Amino acid sequence: MPMESGRRQGVVAIECVAGGSRAEEWGPGSSETVQTGDVVEELLIGVGRRGEPAAHAAAPFKGGRAALQKLLHAAYKRGETSVEVRVRRSSASAQLQRQLVAGDSGELQVADDAASMQACIVPQESVGGIGRTRHYVLRSIRDPNYAVGLVDRMESECIAIRGSRSSRVVCALSKAQLQDGYVSYPWEKKMREVLPIPNSSSFLSLLILPMALDRAGSRYNCVEDTLARANAWILSSQESGVPIAFLNVQTEALLTKISGETASSTVNSGSLADLPNLANASLYGFEDYHGVDIGVVKAVRVWYTAAAGEMPVEIILEEGDARLGFAISRTQEGFIYVSSVVENDVERQAPSTRSGLRDLYREAKRASKLLVISRVSGQKVLPWMVSTSGAVRCFDTVSLSQKLSLHRHALRPILLHVLMWDGMSDGAPTQPGREPCPLPLPLPSPEFAELPRQNSYACVEQRVQTEGDPGVMHERDTAGDASFRFHNFSLPSNWV
């Protein structure tokens with residue numbers, strides 16, 4: 001059995017002394033490095049005159065590891081530290097994939113796996129029984145943290161070491177854990193460059209507090225009632241012509257301090273047995289470790305977005321502009337919209353006409369939609385909360401009228417954003433480089449149905465009245481009576 005006797009002979013083997021290459025050991029790059037238990041076949045040291053190695057040693061090595069250490073020592077003193085080590089890998093796993101090839105003698109032999117590593121010679125001192133000794137290790141060029149040394153072993157020992165590879169893979173797999181960490185992210189740059197409206201999200205929401213059943217605020221309607229009111233607000237807004245699409249709904253826990261009757265009337269969450277009672281409760285309480293009664297109010301936040309994005313409209317003002325040319329009103333749901341525009345501006349176009357706002361208003365009217373203003377100078381002017389009394393908290397049209405009028409007097413441009421809708425005609429006005437950004441989850445809105453609205457004419461500041469028709473004065477928004485406006489005006493009776 002010549003092959004078996006060969007397996008029992010002494011060889012020079014690889015032993016890892018620093019770092020590790022476990023990922024490469026069982027990965028696709030395992031043939032690109034050397035590992036513990038590999039049998040050294042060749043050492044190619046330095047570069048000669050014709051590009052050949054300056055020194056070459058091949059197995060079997062007479063003198064074993066000691067002879068190779070002398071060779072490495074001589075090369076290191078000459079300044080030739082680059083080395084390529086070539087090994088063969090004989091293991092039980094390789095035996096499972098062994099390929100039988102015909103040798104020169106016609107006998108079948110085992111073809112072992114081969115691997116190599118580019119390295120540099122590095123001296124290393126060790127403390128032994130006879131004092132300090134210097135030997136040389138091979139540090140990988142590819143991975144400087146990985147270094148191997150040379151040891152004398154029997155080839156059967158190398159086979160045993162490499163033969164346990166399958167069990168080591170299973171063990172390493174069971175112990176392997178994913179690592180996490182933090183990476184820096186350019187938030188300011190992304191928010192400025194990626195968002196359709198810089199530094200502002202396109203996600204819109206309304207927070208609805210539970211309805212209080214008494215003036216003391218000790219009892220509230222259940223969560224189901226708050227969800228129903230959120231659903232009614234979304235559907236009513238869509239029915240009135242506001243081009244929005246529903247995204248999601250969630251409950252939010254708001255902490256507050258409670259006492260007295262409120263604390264005694266709330267559901268107690270002191271134990272796990274009380275959890276079923278909290279499922280539909282809008283207010284429940286618990287006592288903290290200081291003995292203070294804490295109340296948790298479950299509000300509902302409904303998320304929505306523009307049906308087809310938001311369109312920026314920039315109104316450039318000029319000397320001699322006596323009016324802005326449009327009026328604003330507010331729906332019962334709290335949305336501010338353009339309720340009318342000036343049509344008879346033949347002699348001098350109004351700012352609303354020059355900016356394309358009048359064309360957008362006409363397009364919205366043809367689509368049975370409202371031209372809802374979502375932002376003024378980048379600030380959102382949409383409703384954002386419903387109180388425990390049921391009142392919708394939104395922006396005052398009178399104060400908004402005041403601000404727009406001040407823009408006109410100061411000749412400062414006005415930047416508005418309006419909610420867009422699906423199915424706009426090809427002739428709809430757009431501004432170059434300012435197309436509305438479509439957003440996900442568009443839902444079809446119900447057909448337009450006229451509902452009572454609070455009207456406040458914002459910016460048409462001169463009286464517009466045709467002969468023979470006295471005109472109709474619309475009621476002013478009662479919110480914000482302390483606000484002022486520069487001029488009132490009357491409009492023909494066929495205006496919205």
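Arranged from fewest to most other beta-carbon atoms within 10 Å of their beta carbon, Phe203, Phe246 become Phe203, Phe246.
Within 10 Å of each residue's Cβ, count the other Cβ atoms and sort Cys158, Cys222 from fewest upward.
Details: Cys158 24, Cys222 16.
Ascending number of Cβ neighbours within 10 Å: Cys222, Cys158.
In a DSSP loop and with at most 13 other Cβ atoms within 10 Å, the GluC sites (Glu not before Pro) in region 308-383 are Glu318, Glu319, Glu347. Counting beta carbons within 10 Å around each of Met385, Met117 and listing the fewest first gives the order Met385, Met117.
Rule-based calculations on the coordinates, nothing more; no lab input. Values in this document were obtained by computation on a predicted structure and should not be read as measured data. Every residue, glycine among them, receives a Cβ derived from its backbone with ideal geometry; neighbour counts consider all protein chains shown.
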